[in-house]
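Below you'll find the structure, written out as structure tokens, and then a few comments.
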Amino acid sequence: MTPDNDPPTPPSLAEEWKETWDDESTRDRVYTTALQLYEPTRVAAIAERANVSKETARDYLQWFTEIGMVRQTNEAPDEFVRDEEYFRWRRIHRLRGLPMDELEQRLQTEIEKERNYREKYDVEGPDHVDALDHADYADVEDVWSELQEWTTVRRRIEELEQARQNHNSTTQASA
């Protein structure tokens, strides 16, 4: 086989990532990176991930701080982390836009999931479960996954209930 007949070399992960970023605006690259800041992260690392200068990253991060999307956790060196309360508020705000019957249906679905988890594990919540009591060591990751889902179900119930209550107060105020 001659070099001309060799199959093309697939792009490296770095090349694929760069191609993905090529189609994104600077703001979108910093925004996408900021969405993933679950731990306090230095501006230099954020800039590197978003493929922008440190000053550009800092400018956008300060703007995202002003709107509440991220919080600055340190000033020397600058570090930022996503603000979970902001994202919770966004989820609730979006849920409030749903019709009341859909909100109530979603809430009932999540309450049923919660009930099933309580019955399965015979405890009040996922924090009271010892995964090794419910699985062999080889299957413990499945239990951990279910416990994470249970935690998510409980968060959804809280958010749906708050959206439902806010939906009622908004409807009553406009009537």
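Nothing in this text is a laboratory measurement; each read-out follows from the coordinates by a stated rule. Note that the structure is predicted; figures quoted are calculated from it, not measured. Please note: Cβ atoms are built from the backbone with ideal geometry, for glycine as well, and neighbour counts cover all protein chains shown.
Quick notes
- In order along region 129-137, the phi-based Karplus estimate (6.51 cos²θ - 1.76 cosθ + 1.60, θ = phi - 60°) of 3J(HN,Hα) comes to 9, 9, 4, 5, 6, 10, 7, 5, 3 Hz; Gly and Pro are listed as x.
- Across all Cα pairs in region 47-132, the calculated P(r) in 5 Å bins from zero up to the longest distance comes to 3, 11, 13, 13, 11, 11, 12, 11, 11, 5, 0 percent per bin.
- For region 10-153, average projected area of the Cα convex hull in nm²: 13.2
- Normalised size of region 86-174, defined as Cα radius of gyration per 2.2 N^0.38 Å with N residues, equals 1.32.
- Residue by residue, region 139-150 carries 3J(HN,Hα) couplings of 9, 5, 5, 5, 5, 4, 4, 5, 5, 5, 5, 4 Hz when phi is fed to the Karplus relation 6.51 cos²θ - 1.76 cosθ + 1.60 (θ = phi - 60°); x denotes Gly or Pro.
- Only one residue of Val129, His93, Leu103 has its Cα farthest out toward the positive end of the dipole of region 86-174, where Lys and Arg carry +1 and Asp and Glu -1 on Cβ, and that residue is His93.
- Stretching the chain fully between Asp139 and Asn74 yields a gain of 19.4 nm (0.36 nm per residue, less the alpha carbon separation).
- For Glu24, no residue has an amide H sitting under 5 Å from its own, ignoring neighbours fewer than 5 places away on the same chain, with H placed 1.01 Å from N.
- FRET efficiency for Thr65 and Asp127, using Cβ-Cβ distance with R0 set to 41 Å, rounded to 0.05: 0.85
- In this structure the amide hydrogen of Asp83, modeled in the peptide plane, comes within under 5 Å of the amide hydrogens of Val70, Arg71, none closer than 5 places in sequence on its chain.
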